[in-house]
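The values are calculated or read from the model by the stated rules, or taken from the named source; none is laboratory data. Source: prediction; values computed, not measured. Cβ coordinates were reconstructed from backbone atoms using ideal geometry, including for glycine residues, and neighbour counts include every protein chain displayed. To get the accessible areas, we keep the full protein, side chains included, count just its heavy atoms, and leave off ligands, DNA and RNA. Shrake-Rupley method; radii C 1.70, N 1.55, O 1.52, S 1.80 Å.
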Amino acid sequence: MPSITHMALVELEKAGILKFIISQNIDGLHLRSGIPREKLAELHGNSFMETCPSCGAEYLRDFEVETIGLKDTSRRCSDANCGAKLRDTVLDWEDALPPKEMNPAERHCRMADIVLCLGTSLQITPACNLPLKSLRGGGKIIIVNLQKTPKDKKASLVIHGRVDKVIAGVMEILNMQIPPFVRIDLFQIILSQGLSLDKKFVNWTLRILSVHGQKAPLPFIKSVEISFLDNQDYKSTTLQSQPFLLKRRTVKEKSFEMVLRLNFSEGCGSSHAEINVPVDFKVSADCMNLDKEVVFQRLIEETVQNSFCGKSAVIERKAISIPKSEVTVYAIVTNIIRYAKSLKSLAIDSLSNGDVKRQRESINGSATSRKRSKRKKRKYRH
């Protein structure tokens, strides 16, 4: 989950104070927190991102991509005119920094009035030299890190402390609120049907799937309990493992309503959410495709107001002719995190982003991917 600092940076960006972020982390939390992609350079990649080498499309996933080193993954570009194999974006130690990320990072450093270096050891080249580019244009460097860094002597201000505590103090002085983080995930429900040989029954299949592909995992759903409203003809059941799939047979003219209880995985803000799914086997030819950002904003506002996870909304519905199916895409709130409103309420030894070990790594600017942590550190080529 994003930390206090992540969400404070989001508010500073919305206020027009923060112009650009350069990140060496591969956790994807800046994008997840709400920083616009065009205002972010992820120098070492994003372990939740895939990109198309042919058309340049980017795909942000809700699961960690299985490869590193700019290798092909198991998925393809969804653009009908492309269809190329996708690649991961996480650099291995011998990989050069991508110009797509490095060029805007250099440009913004040269333009910057102030470069804030937050929670970084400033030891990995060439990224560690980026802040120095601001000095040539009269800019200043401010460093906040627990330990000393090689660039401390170049900085106008150095604070040896926890980044969350410092940024919380900055927000308090600016009289700005740190916004809550509301996590929204997507999933799809596919209801397929076909007539029996005697045409008296409908054989139907219900699938609860990731929007990233039928073989992609649903990391936020642990199990699905299915019950039927006002209908004694169907037995309730629980789908314990992925892929979540239910097959049944129904009299052709019969309609009913299912209740899906989605049991969330550990780490979500609530234990479950319920969704009602009416079934009449009349697949509509009309498609619905709502503005995703508008739906997201409404869910965020309602969640913040009610402080309750689990609210969902339909963002897309479409029909498929073969096999005869209806596909509905849902957005669902899986977590809400509120942060301390004042510096006084922020504990000195509070850890804002998970367990002690992980926080020690990230706050010191030395966090690395689990996939690469055992390798010998080397300089990136550029």
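Some notes on this structure:
- Failed condition for K282, given (1) under 24 Å from N203 (Cα atoms); (2) touching a strand residue (DSSP E or B) at 6+ places or on another chain (Cβ under 6 Å): (2)
- Residue in the stretch 257-305 that is most open to solvent (accessible area, probe 1.4 Å), counting only those that are of a type in the set (G, A, S) and under 30 Å from S33 (Cα atoms): S271
- Within the stretch 153-232, strands (runs of 3 or more DSSP E) holding 1 or more residues that are more than 30 Å from G28 (Cα to Cα), open to solvent by less than 40 Å² (accessible area, probe 1.4 Å) and at pLDDT below 95: 181-195, 201-209, 221-228
- Checklist (1) open to solvent by less than 60 Å² (accessible area, probe 1.4 Å); (2) at pLDDT below 90 applied to K252, failing item: (1)
- Scanning the stretch 21-78 for residues that are part of a helix (DSSP H, G or I) and surrounded by fewer than 17 Cβ atoms within 10 Å (Cβ to Cβ) turns up R37, E38, K39.
- Inspection of the stretch 141-160 finds no residue satisfying the criterion of being basic (K, R) and under 30 Å from L299 (Cα atoms).
- Residue check: T238 meets all listed conditions (1) open to solvent by less than 40 Å² (accessible area, probe 1.4 Å); (2) modelled with pLDDT of 90 or more but one, namely (1).
- Any chance L60 is touching a Gly at 6+ places or on another chain (Cβ under 9 Å) and of a type outside the set (S, T, N, Q): yes
- Within the stretch 1-17, the set of residues being part of a loop (DSSP other than H, G, I, E, B) and open to solvent by less than 30 Å² (accessible area, probe 1.4 Å) comprises P2, S3.
- Test: residue in the stretch 282-295 that is touching a residue at least 12 places away in the same chain (Cβ under 8 Å) and in a helix (DSSP H, G or I): yes
- Hits in the stretch 168-205 - residues which are free of Cβ contacts under 8 Å to residues at least 60 places away in the same chain and either within 28 Å of the chain's Cα centre (by Cα) or assigned by the TED database to the domain that holds I275 (or both): L195, S196, L197, D198, K199, K200, F201, N203, T205
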